[in-house]
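Remarks on the structure that follows.
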Amino acid sequence: MLGLSLAPFVLRRPWLAKMLMPAANWYASAAGYRKLGLKFDDLIEEERESTQLALRRLSPKESYERVWRIRRATQCSYQHKLLPRDQWTKPEDDKPYLRSIIAQVEAEIAERDALDSMEVIKKH
């Protein structure tokens, strides 16, 4: 499970979203992953079963682009350098591509577990 999120609560209240947006943008910028050319979904841990299954469901193009971004960021990290500003990930390009698939996989796993643990009681 990805965890609890306050995003739906905040997004239903435009005044709250408008108030928190500068802090959210500052935090995303301070995190530094965009300066390495990464997207937020590139940072999701791969060790979980649901993430592994979701990664297999990515299209070949998305999968290739993800691996390329991670390898490029790793190389920058080894060299202790950031990408040139024109190669940074722009906020409008940092769209989720993996979280929805992970949520779908987790729902399927939960359904499978519920069906596997179901007991059938035979009435006479």
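The values are calculated or read from the model by the stated rules, or taken from the named source; none is laboratory data. For clarity, every value in this text was computed on a predicted model and none was experimentally measured. In this analysis, Cβ positions are derived from the backbone assuming ideal geometry, glycine residues included, and neighbour counts consider all displayed protein chains. Just so you know, the surface numbers come from the protein's heavy atoms only, side chains and all, with ligands and any DNA or RNA stripped out. Shrake-Rupley method; radii C 1.70, N 1.55, O 1.52, S 1.80 Å.
Per q in 0.09, 0.10, 0.12, 0.17 1/Å, what log10 I(q)/I(0) does a Debye calculation on the alpha-carbon atoms of the chain return?
Debye intensities relative to I(0), on a log10 scale: -0.38, -0.45, -0.61, -1.03.
How much net charge surrounds Met118 when only other residues with a Cβ under 13 Å from its Cβ are counted (Lys, Arg +1; Asp, Glu -1)? Each step should come with its number before you reach the end.
Details: positive: Arg112; negative: Glu111, Asp113, Asp116, Glu119.
Around Met118, the charge tally is -3.
Mean separation of Cα pairs under 8 Å and 6+ residues apart, divided by the residue count of the chain: what relative contact order is that in percent?
On the way: 70 pairs, mean separation 43.1, N = 124.
Contact order relative to length: 35 percent.
Given q = 0.19, 0.20, 0.32 Å⁻¹, what are the Debye log10 I(q)/I(0) values for the stretch 38-78, with equal point scatterers placed on the Cα positions and solvent ignored?
Ignoring solvent entirely, the Cα scatterers give -0.58, -0.64, -1.16.
With each label point set 7 Å from Cα along the Cα-Cβ vector, what nm distance links Arg99 and Glu47?
Each label point is offset 7 Å from its Cα along the Cβ direction, giving 2.2 nm.
What do you get for the angle between helix 60-79 and the principal long axis of the chain? Use alpha-carbon atoms, 0 to 90 degrees, nearest ten.
For helix 60-79, the angle is close to 50 degrees.
Accessible area of Thr74, 1.4 Å probe, to the nearest 10 Å²?
For Thr74, the solvent-accessible surface is approximately 60 Å².
In debye, nearest 20, what is the charge dipole magnitude of the stretch 10-59 about its Cα centre with +1 on Lys and Arg Cβ and -1 on Asp and Glu Cβ, if you could check? Don't skip to the end; give the middle numbers.
On the way: 9 positive and 6 negative charges, 82 e Å.
The dipole of the stretch 10-59 has a size of about 400 debye.
What is the magnitude of the charge dipole of the chain about its Cα centre, with +1 placed on the Cβ of each Lys and Arg, -1 on the Cβ of each Asp and Glu, and no other charges, expressed in debye to the nearest 20? Present the calculation step by step, with values, prior to reporting the outcome.
Values: 22 positive and 18 negative charges, 111 e Å.
That gives a dipole near 540 debye.
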